[in-house]
Amino acid sequence: MRIGILGSGLMGGKLGTVWARAGHEVVFSYSRGKEKLNKVARDARGKARAGTPSEAAKDADVLLLAVHWSRIDDVLKQAGDLSGRVIVSCSLPMNADDTDLVIAHTSSGAEELAKKVPTARVVSAFGTVPSEVLFDVFESRRKATRPSLVYCGDDPKSKKVAAELIRDVGFDPVDGGPLRIARYTEPFTLLIAQLAYEGKGGPRLAYRFERFGE
Ligand SMILES: NC(=O)c1ccc[n+]([C@@H]2O[C@H](COP(=O)([O-])OP(=O)(O)OC[C@H]3O[C@@H](n4cnc5c(N)ncnc54)[C@H](OP(=O)(O)O)[C@@H]3O)[C@@H](O)[C@H]2O)c1
């Protein structure tokens with residue numbers, strides 16, 4: 001596939017590198033340093049190159065959105081017309097100092113993104129969600145041989161693309177359902193990240209979910 005990376009930092013840089021090495025054509029874009037983009041592309045090897053967001057978006061089969069929430073409008077503007085494009089987003093709706101979600105509970109970053117680009121097809125992926133959060137995930141984890149990553153979206157074809165990209169980085173893709181499920185996955189992604197950063201100094205956590213709803 002031809003993959004455009006919008007935001008080539010920790011997430012975009014690493015994922016794009018793995019996909020380039022898996023044989024995809026990758027265009028890295030959006031950094032404050034052009035030389036940094038060139039270096040990421042050089043180090044990724046394969047069919048990788050640096051470009052502008054609009055070059056990354058042009059003819060892309062899929063775009064990875066991996067910028068801080070505060071940069072979303074800017075990078076979308078620079079990318080140009082995204083009609084019909086598959087956008088796989090890992091961008092969490094974080095506040096400026098990354099301490100909290102600015103959208104949660106009744107909506108999600110992924111859903112707000114889909115409203116910003118209504119003609120594109122948004123899939124939310126590459127967040128970390130513990131296996132017990134969703135029953136479908138729990139069930140699929142029983143049979144899993146590799147760690148899983150949850151993705152969600154409303155368009156079946158775009159979800160297939162996201163699942164392939166998840167497999168390429170060595171995880172089992174688990175379909176979490178429609179895009180609105182991001183309301184549940186995004187807070188967990190943040191929780192897991194915060195716990196990871198706190199390491200052994202952080203709290204010991206135990207949790208148990210009973211089955212809700214149907
Ligand atoms: N890191 C994780 O473990 C993780 C996990 C799940 C989700 N996420 C989410 O993924 C998204 C990306 O996270 P990340 O850790 O990859 O962030 P990051 O390393 O800071 O990467 C962000 C990218 O955006 C670029 N950028 C920032 N401001 C810019 C500007 N004014 N003009 C042009 N480019 C600019 C950065 O450029 P520079 O190269 O100049 O820095 C960098 O390439 C975030 O929404 C985060 O919440 C992250």
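The values are calculated or read from the model by the stated rules, or taken from the named source; none is laboratory data. A quick note: this is a predicted structure, and the numbers were derived from the prediction, not measured. Glycine gets a Cβ as well: all are built from the backbone with ideal geometry, and neighbour counts include every protein chain shown. Please note that ligands, DNA and RNA were not included when accessible areas were found on the heavy atoms of the full protein model with its side chains. Shrake-Rupley method; radii C 1.70, N 1.55, O 1.52, S 1.80 Å.
For segment 109-123, the set of residues classified as open to solvent by 20 Å² or more (accessible area, probe 1.4 Å) and touching a residue at least 60 places away in the same chain (Cβ under 8 Å) consists of GLU111, ALA114, listed by residue number.
Taken across segment 49-63, residues that are among the β-branched types (Val, Ile, Thr), buried (at least 23 other Cβ atoms within 10 Å of the Cβ) and modelled with pLDDT of 95 or more do not occur at all.
Collect the residues in segment 136-160 that are touching a strand residue (DSSP E or B) at 6+ places or on another chain (Cβ under 8 Å) and open to solvent by 30 Å² or more (accessible area, probe 1.4 Å), keeping them in residue-number order. Talk me through it step by step, then tell me what you get.
Of the residues in segment 136-160, the ones touching a strand residue (DSSP E or B) at 6+ places or on another chain (Cβ under 8 Å) are 136-137, 140-141, 144-155, 157-159.
Answer for segment 136-160, where residues must be touching a strand residue (DSSP E or B) at 6+ places or on another chain (Cβ under 8 Å) and open to solvent by 30 Å² or more (accessible area, probe 1.4 Å): ASP136, SER140, ARG141, ALA144, THR145, ARG146, PRO147, ASP154, ASP155, LYS157.
Across segment 1-28, the qualifying residues are those that are among the basic types (Lys, Arg) and more than 15 Å from the ligand (Cβ to nearest atom), and the one among them that is most open to solvent (accessible area, probe 1.4 Å) is ARG21. Condition check for HIS105 on (1) within 10 Å of the ligand (Cβ to nearest atom); (2) open to solvent by 80 Å² or more (accessible area, probe 1.4 Å); (3) of a type outside the set (S, T, N, Q): one failure, at (1). Considering segment 73-102, and only residues there that are within 11 Å of the ligand (Cβ to nearest atom) and among the charged types (D, E, K, R), the residue that is nearest to PRO53 (Cα to Cα) turns out to be ASP74. From the list PHE188, PHE171, PHE126, the lone residue that is open to solvent by 60 Å² or more (accessible area, probe 1.4 Å), within 17 Å of the chain's Cα centre (by Cα) and within 16 Å of the ligand (Cβ to nearest atom) is PHE171.
Every condition in (1) in a loop (DSSP other than H, G, I, E, B); (2) surrounded by 15 or more Cβ atoms within 10 Å (Cβ to Cβ); (3) modelled with pLDDT of 95 or more holds for VAL133 except the one numbered (3).
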